[in-house]
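Only one structure is covered here, and it is reproduced in the block below.
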Amino acid sequence: MKSSFNMVAKTQFGLEEVLAEELRNLGAEEVEAHNRAVSFRGDLETMYKANLCLRTALKVLIPIQKFRAKNEQQLYDGIKKINWAEYLDKEGRLVIHTSLKSEFFNHSQYVSLKTKDAIVDQFREKFGVRPSVDLTHPDLSIDIHINRDEVSVSLDSSAESLHRRGYRTDSTLAPINEVTAAGMILLTGWKGEGNYYDPMCGSGTLLIEAAMIAKNMPPNLNRAQFGFERWNNYQPELFDMVRKEAVANMRESKANIVGSDKTFKAIEITRENCTRAGVDEDVKVSNKRFEESKGAEGGGIMIINPPYGERLPIEEIGAFYKMMGDQMKKEFEGYDVWIISSNIEALKKVGLAPSKKIPLYNGALECRFHKFEIYKGTRDKKKLAEQNPE
Ligand SMILES: C[S@@+](CC[C@H](N)C(=O)[O-])C[C@H]1O[C@@H](n2cnc3c(N)ncnc32)[C@H](O)[C@@H]1O
């Protein structure tokens with residue numbers, strides 16, 4: 001691999017600019033935002049840093065080839081032209097992930113299969129032996145993206161998605177994806193200082209991501225492995241240096257990060273997750289309802305991922321959102337409150353005019369991330385909004 005090469009970090013819709021900013025801060029060059037992705041240039045050190053430190057990237061890909069294909073034979077031929085022995089041992093293990101936006105190909109699994117056939121055939125013809133497919137512990141993870149007839153072949157330096165930070169166990173609390181959570185916090189412009197409150201913390205994802213931002217802690221410090229660690233060109237000393245440097249750049253949190261939830265189970269899970277993430281001393285949690293919560297002296301920021309209640313009648317879920325609005329104006333003067341929800345009708349029942357509305361996705365759900373500024377006089381404005389609904 002050349003000393004400086006092109007990379008693409010994949011992300012979620014709406015987080016492209018945040019990711020581009022993160023990459024610039026890491027020292028990446030030629031940073032350019034695209035749809036759900038940011039392209040950039042750098043060397044191996046940049047690639048290691050990107051995997052370890054980016055909060056809003058899902059994957060860091062290294063494009064190695066682009067060609068056109070309108071049918072499976074052209075795909076097979078194009079893949080076979082790449083010298084795969086450069087990237088994979090002849091008896092190595094590989095996995096292929098495919099995403100499609102094409103009228104010429106409609107089954108991603110079939111494209112993966114054809115790609116695998118071309119690679120395996122190349123090895124067998126050259127060496128008489130072949131690599132095998134391993135879905136869970138591959139030496140090389142290959143990413144195929146086909147846009148119309150344009151096939152992009154990339155090596156996936158992350159392998160498992162970077163949102164899997166390694167601090168969360170499975171939970172039934174509808175947790176938000178770690179990348180979405182970090183992206184939401186960065187979108188608010190929060191600098192990791194002052195009062196931060198999540199009154200419906202669930203399993204604590206937003207709190208943990210906030211604490212990691214406050215400590216300048218690399219989000220993937222606790223992750224077991226990255227794809228690049230199994231590559232032929234892996235430089236363990238360089239990665240060790242990148243890790244040590246990132247750890248040395250960590251700081252004491254200057255934030256007061258507080259969470260609560262109405263269920264005790266959520267609080268228990270949040271505590272366990274905080275411990276696993278190494279932020280248990282930076283996050284305080286308690287078991288209470290939002291209806292009993294109060295803002296801290298001096299104001300701050302509150303980010304809420306409430307129940308969306310898509311299947312509930314609007315009267316019922318609307319009353320919950322109205323309660324949130326009432327509580328915000330009553331007890332959270334001086335706060336910037338951000339609420340994410342897929343339920344646009346319910347969001348209107350908050351009864352305050354948002355000063356920002358950002359489209360985002362929570363998984364497959366299209367959401368809005370609304371900012372409400374609560375200052376003296378918000379109460380009167382709320383009354384007005386209630387008298388004149390949108
Ligand atoms: C969508 S989940 C939040 C998920 C969380 N962001 C995470 O990543 O795990 C909504 C949470 O709101 C809590 N909740 C619902 N009504 C509440 C209320 N009135 N006061 C406090 N918490 C409440 C639920 O217990 C649940 O944990």
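A 21 angstrom limit on the alpha carbon distance is what I want to check against. Which of K59/K357; K59/K101; K10/K49; K49/K356; K191/K371; K101/K356 exceed it?
Beyond 21 Å between Cα atoms: K59/K357; K49/K356; K101/K356.
Using a/c under 1.5 as the rounded threshold, could you call segment 102-169 rounded, prolate or oblate? The axes a ≥ b ≥ c are square roots of the C-alpha gyration tensor eigenvalues, and prolate needs a/b larger than b/c, oblate otherwise.
Oblate, because a/c is 1.5 or more while a/b does not exceed b/c.
Find the all-direction average of the projected area of the Cα convex hull for segment 5-156, expressing the result in square nanometres with one decimal place.
8.9
Pop out the ³J(HN,Hα) list for segment 335-343 in order, Karplus 6.51 cos²θ - 1.76 cosθ + 1.60 with θ = phi - 60°, rounded to Hz; leave Gly and Pro as x.
For segment 335-343, the Karplus curve yields 9, 9, 9, 10, 10, 9, 7, 8, 9 Hz.
Can you tell me the Rg and the Dmax, both Å, for the Cα atoms in the chain?
Rg, Dmax (Cα atoms, Å): 23.4, 79.
Could you pull out every residue, at least 5 positions away or on a different chain, whose amide H is within less than 5 Å of the one on N195? Hs are placed 1.01 Å off N in the peptide plane, and Pro or chain starts have none.
Those qualifying (amide H under 5 Å, at least 5 residues apart or on another chain) are N256, I301.
Quick check on the chain: helices-only [θ] at 222 nm, where DSSP H runs of length 4 and up contribute -39,500 (n - 2.57) each and the sum goes over total residues. Nearest 500, please.
-10500 deg cm²/dmol
Calculate one ³J(HN,Hα) per residue across segment 148-153 by plugging θ = phi - 60° into the Karplus curve 6.51 cos²θ - 1.76 cosθ + 1.60, and present them in order as whole Hz with x for glycine and proline.
Rounded to whole hertz, the list is 6, 10, 9, 9, 10, 10.
Cross-link candidates for K81: which aspartates and glutamates have Cα within less than 14 Å, leaving aside residues fewer than 8 places away along the same chain?
Of all the aspartates and glutamates, those that pass the test against K81 - Cα under 14 Å, at least 8 places apart if same chain - are D117, D121, E125.
Could you give each residue of segment 192-208 its phi-based ³J(HN,Hα) in whole Hz, using Karplus coefficients 6.51, -1.76, 1.60 with θ = phi - 60°, and x for Gly or Pro?
Residue by residue, segment 192-208 yields x, 10, x, 7, 10, 9, 10, x, 9, 6, x, 8, x, 4, 5, 5, 5 Hz.
Take the alpha carbon gyration tensor of segment 120-254, find the square roots of its eigenvalues, order them as a ≥ b ≥ c, and report rounded if a/c is under 1.5; if not, report prolate when a/b exceeds b/c, else oblate.
prolate
Among DSSP bridges having both ends in the chain, what percentage is antiparallel? Round to the nearest 5.
In the chain, DSSP labels about 55 percent of beta bridges as antiparallel.
Out of residues 5 or more away from K284 or on other chains, whose amide H comes under 5 Å of its own, with H placed 1.01 Å from N in the peptide plane?
Excluding prolines and chain starts, which carry no amide H, the hits are I257, V258, G259.
Order of L238, L347 from fewest to most other C-beta atoms within 10 Å?
L238, L347
Under Stokes-Einstein, with the Kirkwood radius over Cα pairs standing in for Rh, what whole-number D in µm²/s applies to segment 213-349 at 10 °C and 1.306 mPa s?
For the chosen part, D equals 87 µm²/s.
If we count other beta carbons within 10 Å of each Cβ, what is the order of T275, T169, T188, fewest first?
T169, T275, T188
Throughout, read-outs are computed from the coordinates displayed, never taken from laboratory work. Model, not experiment: these values are computed from the prediction. With ideal geometry, Cβ positions are generated from the backbone for all residues, glycine too; neighbour counts draw on all protein chains shown.
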